Ligand code: HEM
């Protein structure tokens, strides 16, 4: 009885909070001076519209963006401005970089998990991490080490798919690719083996689950206006979030301690992984670069590298099943470029040189990211009043978001066939032609453009070349609708179920 009473009290508190938010928004709608002012972006609704359309969030934003290139949704304290205008995007991400930051809103939401990591911080902290990480990412050592890991893991990927193919089993390719990318980023990040793909490490599976649950629950904070109360009372989603964050932090902390001990024992080993290189760097400034700081850096890299590439590859395979002629065209390019008698020899031959020759594959991956950007919506917070290049006013504290998902589908940006999957649009005489990063915004743009872009393309190419060379993929159930779950990245809801048919040599 007492338990039921507690549940009732919690639900009543949450409903009351929602009701207060709703009233606050109503007051704002009827009294807000800027609501009908044409100098401000048109109001398309309130943030409650996001909650009501949660399951089709990006379709909803696309529909509104088709009517207004820039619009806003009212929130309690500020406006949430959304834009698909490349001029505005260049302004917030580059020309007025210092005026648009990650902001306290995002930091308040993401801090519990990502602490002081590169994704969340601004100013001096960001500059220091960016400088260090850019240097590491440009080294030949990291490039060679990571490609070597991608190849070794690609062999495991092919072997796993081969077993399912022989048994005629359905494969959840997204699940497998998640494991592939987590094993890879873990090895490149920490120099440690997680072995998720082989399923030999139950600790690895528990870590993935805790990490995934944590990121979904953090994302929910954008939608749920009652999350702060839940956190304060340690109830509902927030109670489960707190438990998961604790587990993830403890896990990473242990990896760091182990690495430190290992490095002290083996003075002369090659410091190829990112953590070892940051640990060496930390000796120069041990007070600032303490274990917690290193934990935040590494967690941010896992977030950056795991879901983005695995999700993109999943949508890529989905597109190839929907467009079998593109699948065959890629296989033709693979056969023309890379040879090898055994799987090991073939994968070993996916050298940097070979990857660079594969223009059509590069185009097909970019086309996937145009329609299914791994980060579908991203934004910045205005630190001062401003006017966007399209003439609309922004108030200090407003968030300005760009909708990458909508942009890829807009005919005013990509032409009448914007919604079609056409790798050819990226090619000129068979050679890949890059687009302006403010138009093709999947990797962000300006000084904070994705640091792992080349790294990600190499990883995605090595995995897809290996899989497509040995198998033809088709959807296990053509009738099953494929949709996304709205989180930080574009995740296929319920996985992507495929059949892999062995290709003759
Ligand atoms: C298809 C794969 C990927 C896509 C689409 C992608 C996209 C993005 C986007 C949109 C951002 C901007 C986030 C923001 O500041 O709001 C970003 C930042 C970043 N990405 Fe990626 N990413 C991918 C893979 C990777 C990988 C594999 C790594 C590293 C292992 C990586 C490392 C980073 C880092 C460190 C930043 C932060 C840069 C900064 O704030 O200065 N990314 N990425």
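The values are calculated or read from the model by the stated rules, or taken from the named source; none is laboratory data. Here the structure is a predicted model, which means the values were calculated and not measured. All Cβ positions, glycine included, derive from the backbone under ideal geometry; neighbour counts span all protein chains shown.
Are any of the residues in the stretch 144-162 farther than 13 Å from residue 459 by Cα, surrounded by fewer than 18 Cβ atoms within 10 Å (Cβ to Cβ) and without any contact (Cβ under 8 Å) to a residue 24 or more places away in the chain? The answer is no; no qualifying residue exists. For the stretch 203-217, does any single residue satisfy the condition of being under 24 Å from residue 272 (Cα atoms), in contact with a helix residue (DSSP H, G or I) (Cβ under 8 Å, 6 or more places away or on another chain), in contact (Cβ under 8 Å) with a residue 60 or more places away in the chain and more than 13 Å from the ligand (Cβ to nearest atom)? So far as the stretch 203-217 goes, no, none of its residues is under 24 Å from residue 272 (Cα atoms), in contact with a helix residue (DSSP H, G or I) (Cβ under 8 Å, 6 or more places away or on another chain), in contact (Cβ under 8 Å) with a residue 60 or more places away in the chain and more than 13 Å from the ligand (Cβ to nearest atom). Listed conditions (1) over 20 Å from the mean Cα position of the chain (by Cα); (2) under 30 Å from residue 352 (Cβ atoms); (3) within 12 Å of the ligand (Cβ to nearest atom); (4) touching a residue at least 40 places away in the same chain (Cβ under 8 Å) are all met by residue 131, apart from (4).
Hey, does the stretch 104-115 have a residue that's farther than 25 Å from residue 207 by Cα, touching a residue at least 60 places away in the same chain (Cβ under 8 Å) and either surrounded by fewer than 20 Cβ atoms within 10 Å (Cβ to Cβ) or within 15 Å of the ligand (Cβ to nearest atom) (or both)?
For the stretch 104-115, residues farther than 25 Å from residue 207 by Cα, touching a residue at least 60 places away in the same chain (Cβ under 8 Å) and either surrounded by fewer than 20 Cβ atoms within 10 Å (Cβ to Cβ) or within 15 Å of the ligand (Cβ to nearest atom) (or both): present.
Taking the criterion of being at pLDDT below 85 and in a helix (DSSP H, G or I), the residues of the stretch 221-243 that qualify are 222, 223. Beta carbons closer than 8 Å, at least 6 apart along the sequence or on distinct chains, pair a first residue in the stretch 318-343 that is surrounded by fewer than 13 Cβ atoms within 10 Å (Cβ to Cβ) with a second that is assigned to a loop (DSSP other than H, G, I, E, B) for 339/349.
For the stretch 407-419, give me each residue that is buried (at least 17 other Cβ atoms within 10 Å of the Cβ) and more than 17 Å from residue 90 (Cβ to Cβ). Residues satisfying the conditions are 408, 409, 414, 418.
Condition check ((1) within 16 Å of the ligand (Cβ to nearest atom); (2) assigned to a helix (DSSP H, G or I)) across all residues:
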site	(1), (2)
412	no, yes
443	yes, no
447	yes, yes
458	yes, yes
498	no, no
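Exactly one residue among 200, 205 is in a loop (DSSP other than H, G, I, E, B), at pLDDT below 85 and surrounded by fewer than 18 Cβ atoms within 10 Å (Cβ to Cβ), and that residue is 200. Within 23 Å of residue 120 (Cβ to Cβ), within 16 Å of the ligand (Cβ to nearest atom) and buried (at least 18 other Cβ atoms within 10 Å of the Cβ): does that describe residue 313? Here the answer is no, as residue 313 does not meet what is asked. Count of the stretch 474-496 residues, restricted to those that are under 25 Å from residue 217 (Cβ atoms) and either in contact with a strand residue (DSSP E or B) (Cβ under 7 Å, 6 or more places away or on another chain) or assigned to a loop (DSSP other than H, G, I, E, B) (or both), is 14.
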